[in-house]
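The values are calculated or read from the model by the stated rules, or taken from the named source; none is laboratory data. What you are looking at is a predicted structure, and each value in this text was computed from that prediction instead of being measured. In this analysis, Cβ positions are derived from the backbone assuming ideal geometry, glycine residues included, and neighbour counts consider all displayed protein chains.
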Amino acid sequence: MTFTFRPAKRESVGLLIGLAGASGSGKTMSALRIATGLAGDKPFALIDTENGRALHYADQFRFDHGELRAPFRPAAYAEAIAAADQAGYPVIVVDSASHEHAGDGGLLDWQEEELQRMAGDDYQKRERVKMAAWIQPKLAHKQFVSKLLQVRAHLILCFRAEEKIEIVKEGGKTIVRPKASAVGLDGWIPVSEKNLPYELTLSLLLTADAPGLPKPIKLQEQHRPMVPLDQPLSEETGRLLGEWAAGGADAEAGLRARLLELADRAGKRAEVEKALETARKPDWYRRSVKRLEEALAGGDADSAADVQGRQEAPVEESPPASDEAPQFAIPVGARIPEDRG
């Protein structure tokens, strides 16, 4: 076997996005908006496990609908996703991926079926073989994930989320608090096989008190400029993520557009455009976006004062040797107006 290496270059990267939330949190609407931005002028595919509920949005978005019914075995999900990928859809939305774990015929039901087959109502035997009853369901799930990672299209998986608590001892007292989890946030845990969230490129929690407004579960530094946390997920979110995934000039153009959008809302477009005349590196764009977002968000008094202190210096004709983000003069306490576009 010959193993070769070549210079690393981001191009045509498939995204695997997870949106988790309880009922009324805006999961479906947010997924459709992101998918619209990712797909551009093309229709995308939606795999519906919610008895056709996604069709409620048929007048608002351009997508092709496929209904997946019980039993919700991992292989059924894999087959539906593969069919959409082979059909050439640029984006595939799965609403909801939680049924693969907790739906009718999903992993939990399958393990119970195996347990019943192996031990019946003999509860002592059931206890002995309960781990063995997971062998077939877990193997099928592993095969499903393997196929998921080979999909060429961008994938958006919607998950139901449940609020969990844990009881712990602290300082001799019993404390009830939101359950800590690496795959959840503030006690909200996605309903899925426990390892599936680790495969996601990024995952966001949505809550019913602020539908569509993302709370990051997994949001890496390179994706933060594309997913503003102060406004609902939108078509623009999808467009920026798609440009980043495409790599090269498209990614730079997307970051530049986001930076100019923030500059417009801060009333600083002229300063930003002047800095952009010599700025070229994507990392420079990302740092600039982050710094401008932080300055506009206000933050605490100390950090706001620090931002102002760093930003009172005039903008240089070119980025400094360290390639630092530009220093824009933003008033202390300035905030991003709500974007109703």
Query - Any pair with Cβ under 8 angstrom, 6 or more apart, that starts in segment 110-135 at a residue that is closer than 21 Å to ALA75 by Cα and ends at one that is surrounded by 12 or more Cβ atoms within 10 Å (Cβ to Cβ) and polar (S, T, N, Q) - result: TRP110/GLN136; GLU114/GLN136; ALA133/GLN111; TRP134/GLN111
Requested in this report: Give just the number: which of (1) within 30 Å of ALA54 (Cα to Cα); (2) in contact (Cβ under 8 Å) with a residue 12 or more places away in the chain; (3) in a loop (DSSP other than H, G, I, E, B) does ALA161 not satisfy?
Outcome: (3)
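For residues in segment 85-109 being without any contact (Cβ under 8 Å) to a residue 60 or more places away in the chain and small (Gly, Ala, Ser), which is surrounded by the most Cβ atoms within 10 Å (Cβ to Cβ)?
GLY106
Which one is surrounded by the most Cβ atoms within 10 Å (Cβ to Cβ) among residues in segment 1-30 that are β-branched (Val, Ile, Thr) and in contact (Cβ under 8 Å) with a residue 60 or more places away in the chain? Quick ask: steps written out before the conclusion?
Of all residues in segment 1-30, those β-branched (Val, Ile, Thr) come to 2, 4, 13, 17, 28.
Next, only the ones that are in contact (Cβ under 8 Å) with a residue 60 or more places away in the chain stay: 13, 17, 28.
Numbers: VAL13: 14, ILE17: 27, THR28: 21.
Within segment 1-30, the match that is surrounded by the most Cβ atoms within 10 Å (Cβ to Cβ) is ILE17.
Kindly establish whether LEU205 is in contact with a Phe, Trp or Tyr (Cβ under 6 Å, 6 or more places away or on another chain), in contact (Cβ under 8 Å) with a residue 40 or more places away in the chain and either at negative phi or not in a loop (DSSP other than H, G, I, E, B) (or both). Steps first, answer last, please.
Details: in contact with a Phe, Trp or Tyr (Cβ under 6 Å, 6 or more places away or on another chain): yes; in contact (Cβ under 8 Å) with a residue 40 or more places away in the chain: yes; either at negative phi or not in a loop (DSSP other than H, G, I, E, B) (or both): yes.
Criteria met by LEU205.
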Query raised in the report: How many residues are small (Gly, Ala, Ser) and in contact with a Gly (Cβ under 8 Å, 6 or more places away or on another chain) if we restrict to segment 3-18?
Result: 1
**Report entry** Answer residue from segment 42-84, given it is among the acidic types (Asp, Glu) and over 20 Å from GLY103 (Cα atoms) and is surrounded by the most Cβ atoms within 10 Å (Cβ to Cβ) among those
**Finding:** ASP64
Query raised in the report: Quick check: anything in segment 103-116 closer than 21 Å to ALA31 by Cα and not acidic (Asp, Glu)?
Result: yes
**Report entry** Wholly within segment 43-152, strands (runs of 3 or more DSSP E) carrying at least 1 residues that are in the same structural domain as THR201 (by TED's automatic domain parsing) and closer than 15 Å to LEU196 by Cβ
**Finding:** 91-95
Report task. Go through LYS215, LYS169 for me and flag whichever is surrounded by fewer than 20 Cβ atoms within 10 Å (Cβ to Cβ), part of a strand (DSSP E or B) and modelled with pLDDT of 95 or more. Result -> LYS215
Report task. Quick one: GLU11 ticks every box in (1) farther than 26 Å from LYS138 by Cα; (2) of a type in the set (Asp, Glu); (3) in the same structural domain as GLY212 (by TED's automatic domain parsing) except a single one, so which number is it? Result -> (3)
Query raised in the report: Which condition does ARG33 not pass, out of (1) of a type in the set (Lys, Arg); (2) surrounded by 14 or more Cβ atoms within 10 Å (Cβ to Cβ); (3) not assigned by TED's automatic domain parsing to the domain that holds PRO190, if it passes all the others?
Result: (3)
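Mind checking whether some residue in segment 220-242 is loosely packed, with under 13 Cβ neighbours inside 10 Å, assigned by TED's automatic domain parsing to the domain that holds SER30, part of a loop (DSSP other than H, G, I, E, B) and without any contact (Cβ under 8 Å) to a residue 60 or more places away in the chain? Don't jump to the end; show me each part of the working.
At the first step, the residues of segment 220-242 found to be loosely packed, with under 13 Cβ neighbours inside 10 Å are 220-221.
Subset that is assigned by TED's automatic domain parsing to the domain that holds SER30: 220-221.
Narrowing further to those that are part of a loop (DSSP other than H, G, I, E, B): 220.
When the remaining residues are screened for being without any contact (Cβ under 8 Å) to a residue 60 or more places away in the chain, the result is 220.
For segment 220-242, residues loosely packed, with under 13 Cβ neighbours inside 10 Å, assigned by TED's automatic domain parsing to the domain that holds SER30, part of a loop (DSSP other than H, G, I, E, B) and without any contact (Cβ under 8 Å) to a residue 60 or more places away in the chain: present.
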Report task. Just give me the residues in segment 261-284 being in contact with a Lys or Arg (Cβ under 8 Å, 6 or more places away or on another chain) and at pLDDT 75 or above, in sequence order. Result -> ALA263
**Report entry** Out of ALA31, ALA84, ALA78, sole residue that is more than 30 Å from LEU213 (Cβ to Cβ) and among the aliphatic types (A, V, I, L, M)
**Finding:** ALA78
**Report entry** Those residues of segment 175-199 which are in a strand (DSSP E or B) and aliphatic (A, V, I, L, M), in sequence order
**Finding:** ILE175, VAL176, LEU185, ILE189
